[in-house]
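For reference, the structure is listed below as structure tokens.
The values are calculated or read from the model by the stated rules, or taken from the named source; none is laboratory data. Since this is a predicted model, take the numbers as computed values, not measurements. Heads up, the Cβs are rebuilt from the backbone with ideal geometry, glycines too, and the neighbour counts pull from every protein chain shown.
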Ligand code: KIV
Ligand code: ZN
């Protein structure tokens, strides 16, 4: 379909910027590939000038992806723009996304620039970006608290200088749906050639209206929406892309143009992002929460049994929710595992597949039913396992605990071919085990900020996925571990986090 709404994903930039959501390179690549499989149009891979690590991840993603446009954010300065270009230039479809604030508050207190200076900077910097890159997006930061007449001038300056995408951010999540729609209509009526560019919105969720605001903008004529998977992002987050996409999918009467996202990739991509940031979906989260398709009340169950349409406006299949039924077993061969992984969206290198197949076989010895969820968990965790192999690797552990003994743990790890062992006491088995790891792995002063464990599938033999968040100064790293033994999963997660530290 022509004129579909463009979906611009900024999970790896605006999402990753949020406290506790930082990701390492391997995790970012994994998410970028999942987004590409989901068929978003643009992936903002990072803010190239922010650090050497950000530059490398934007560049690696630009070089890895095959179809999506890859963007880097940049302030409206020459150095930022040139660095952004260096990072994205090898992409199949590169884009520089440059921004400058247009609200009185930002211009006066942050930029200390007059309106005239802002207009000149937009014209010069967009032109500079266009000299380098075939595609340039300009964002008027804090647009929704800007004077509409001045915003129109800023947008006009950016279009004249060659920007093909104009983005209207509600940077502080202040707008309401009516205001958002009115601003889009105002710009469409008051800016020359606005219909020749992609008109985008980027809504934050401070008042819980980011998704509604984005959809109101679409109805008013916006042709691109920006957001993040699961709505992660600064403060209350960004607009949740899965909610926008499913609203458009479910209500074609209101949003007839739709978008090209493959909705069946929503659930796996959402789970991947939650797993990487070490957070569980809120149980009642729209579209991807655990209860989103659960019908508890008898009257609802009765209705759904008679006809699903009574209480279901979208199907679990439409978002690619997995079935918790046995899909593979101990007689399944490497090829069957590879095929099932590929159906789940994972294409593994040979060495990775060999390792995962070994883990699959070991899991078959410990667990009766191997479901898609189990297989997906092995695929998602293979990166953290690789991280452990390049740092400290758990060799074996013993933990004693009871209600009349002090818990104690003995843990041995391998590092550069050498074996180290420590023993520690603690308040319970996990505390004892973590204390032993602390003795084993030298690290700067740190504290355990969060620890959680959840089951991947159902049954007593379910795999446990453990998550730790370790704080070191203002940096927080997430460690993840997977095992049918929850103590082992926890130790793996802690070692994974300490290796990152
Ligand atoms: O929220 C915002 O204004 C942004 C811009 C940099 C696009 O993230
Ligand atoms: Zn933002």
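Assorted remarks:
- Flag for residue 487 being assigned by TED's automatic domain parsing to the domain that holds residue 398 and in contact with a helix residue (DSSP H, G or I) (Cβ under 8 Å, 6 or more places away or on another chain): yes
- All positions within segment 227-236 that are within 11 Å of ligand 1 (Cβ to nearest atom) and part of a loop (DSSP other than H, G, I, E, B): 233, 234, 235
- Residue 27 meets all of the listed conditions (1) buried (at least 24 other Cβ atoms within 10 Å of the Cβ); (2) within 19 Å of the chain's Cα centre (by Cα); (3) modelled with pLDDT of 95 or more; (4) part of a helix (DSSP H, G or I) but one, namely (3).
- Residue within segment 179-186 that is buried (at least 24 other Cβ atoms within 10 Å of the Cβ), assigned by TED's automatic domain parsing to the domain that holds residue 82 and within 29 Å of residue 319 (Cα to Cα) present: yes
- Close pairs (6 angstrom Cβ cut-off, 6 or more residues apart or separate chains): farther than 23 Å from residue 227 by Cβ in segment 46-70, modelled with pLDDT under 95 and in a helix (DSSP H, G or I) anywhere: none
- Within segment 237-256, at least one residue is within 15 Å of ligand 2 (Cβ to nearest atom), free of Cβ contacts under 8 Å to residues at least 60 places away in the same chain and part of a loop (DSSP other than H, G, I, E, B).
- Of the strands (runs of 3 or more DSSP E) that lie entirely inside segment 430-496, those containing 3 or more residues that are over 24 Å from residue 414 (Cβ atoms) and in contact (Cβ under 8 Å) with a residue 12 or more places away in the chain span 447-455.
- Under the condition of being buried (at least 23 other Cβ atoms within 10 Å of the Cβ), away from ligand 1 (no atom under 16 Å from the Cβ), assigned to a helix (DSSP H, G or I) and over 10 Å from the mean Cα position of the chain (by Cα), the residues counted in segment 30-57 number 1.
- Of the listed requirements (1) closer than 14 Å to residue 17 by Cα; (2) out of contact with any strand residue (DSSP E or B) (no Cβ under 7 Å at 6 or more places or on another chain), residue 73 misses just one: (2).
- Selected residue [surrounded by 23 or more Cβ atoms within 10 Å (Cβ to Cβ) and touching a residue at least 12 places away in the same chain (Cβ under 8 Å)] from 191, 225, 197: 225
- Meets criteria (surrounded by fewer than 23 Cβ atoms within 10 Å (Cβ to Cβ), more than 14 Å from ligand 2 (Cβ to nearest atom) and either farther than 23 Å from residue 81 by Cα or under 31 Å from the mean Cα position of the chain (by Cα) (or both)) for residue 165: no
- Which numbered condition residue 160 misses (of (1) free of Cβ contacts under 8 Å to residues at least 40 places away in the same chain; (2) within 16 Å of ligand 2 (Cβ to nearest atom)): (2)
- Qualifying residue in segment 461-475 (condition: surrounded by fewer than 19 Cβ atoms within 10 Å (Cβ to Cβ) and touching a strand residue (DSSP E or B) at 6+ places or on another chain (Cβ under 6 Å)): yes
- The numbered conditions (1) in a helix (DSSP H, G or I); (2) within 11 Å of ligand 1 (Cβ to nearest atom); (3) crowded, with 23+ Cβ neighbours inside 10 Å are all true for residue 73 except (1).
- Test: residue in segment 110-126 that is closer than 23 Å to residue 223 by Cα and either within 16 Å of ligand 2 (Cβ to nearest atom) or not assigned by TED's automatic domain parsing to the domain that holds residue 81 (or both): no
- Residue that is nearest to ligand 1 (Cβ to nearest atom), among those in segment 1-20 that are over 22 Å from residue 215 (Cβ atoms) and surrounded by fewer than 23 Cβ atoms within 10 Å (Cβ to Cβ): 17
- Any hit, segment 240-252, residues being within 16 Å of ligand 1 (Cβ to nearest atom), modelled with pLDDT of 95 or more and under 13 Å from the mean Cα position of the chain (by Cα): yes
- Tally, over segment 112-134, of residues that are part of a loop (DSSP other than H, G, I, E, B) and out of contact with any helix residue (DSSP H, G or I) (no Cβ under 9 Å at 6 or more places or on another chain): 2
- Considering (1) more than 25 Å from residue 20 (Cα to Cα); (2) touching a helix residue (DSSP H, G or I) at 6+ places or on another chain (Cβ under 7 Å); (3) within 16 Å of ligand 1 (Cβ to nearest atom), the lone condition that residue 259 does not fulfil carries the number (3).
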